[in-house]
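Below is one structure, written out as structure tokens, with a few remarks after it.
The values are calculated or read from the model by the stated rules, or taken from the named source; none is laboratory data. Source: prediction; values computed, not measured. No Cβ is skipped: glycine too gets one built from the backbone with ideal geometry, and neighbour counts run over all protein chains shown.
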Amino acid sequence: MLEKTTHINALFDFYQVLLTDKQKEYMEMYYWEDYSLGEISEAVQVSRQAVYDNIKRTEKVLKSYEERLQLFNMFMKRKQLIAELEKSVLNGDKSMSMKWIKQLKEMD
């Protein structure tokens, strides 16, 4: 569950600007503020089922954006390449450093 929550939070960070205000509100309350479905339901005065449905639909929307745009995936790849580059620089391995730099440039 924690892995799913972490992944959804990451996708929300990348794609929240593409969501409606209501989608953002429910996701922030549920994932960032750790509200229960019942607490969100009371706060926005809709049924618990409506909150649940909205959150599940929004999760699907976020996953769909990632499938199409790949922003999170590219971010993670860059992060990994930068870590490898830092390691090769610290080890004084110029050829590996150049390899990682080349791969980073190819991502643009």
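Residues in region 59-68 that are free of Cβ contacts under 8 Å to residues at least 12 places away in the same chain and of a type outside the set (Ser, Thr, Tyr) were compared, and the one that is nearest to Thr6 (Cα to Cα) is Lys60. The combined condition, being surrounded by 13 or more Cβ atoms within 10 Å (Cβ to Cβ), under 26 Å from Phe14 (Cβ atoms) and either modelled with pLDDT of 95 or more or not assigned by TED's automatic domain parsing to the domain that holds Phe14 (or both), is fulfilled by Glu66.
Taking every residue in region 83-108 that is modelled with pLDDT under 75 and pairing it with any residue that is β-branched (Val, Ile, Thr), at least 6 positions away or on another chain, the pairs with Cβ-Cβ distances below 6 Å are Ser97/Val89. Considering only region 1-57, state which residues are hydrophobic (A, V, I, L, M, F, W, C), in contact with a Phe, Trp or Tyr (Cβ under 9 Å, 6 or more places away or on another chain) and not in a helix (DSSP H, G or I). Leu19, the sole residue that qualifies.
Summed over region 25-56, residues that are over 17 Å from Thr5 (Cβ atoms) and of a type in the set (Lys, Arg) total 1.
For region 16-39, check the following and say yes or no: at least one residue is in contact (Cβ under 8 Å) with a residue 60 or more places away in the chain and within 30 Å of Met107 (Cα to Cα).
No, region 16-39 contains no residue that is in contact (Cβ under 8 Å) with a residue 60 or more places away in the chain and within 30 Å of Met107 (Cα to Cα).
Restricting region 85-108 to residues that are of a type in the set (Asp, Glu) and part of a loop (DSSP other than H, G, I, E, B) leaves a set whose member that is surrounded by the fewest Cβ atoms within 10 Å (Cβ to Cβ) is Asp108.
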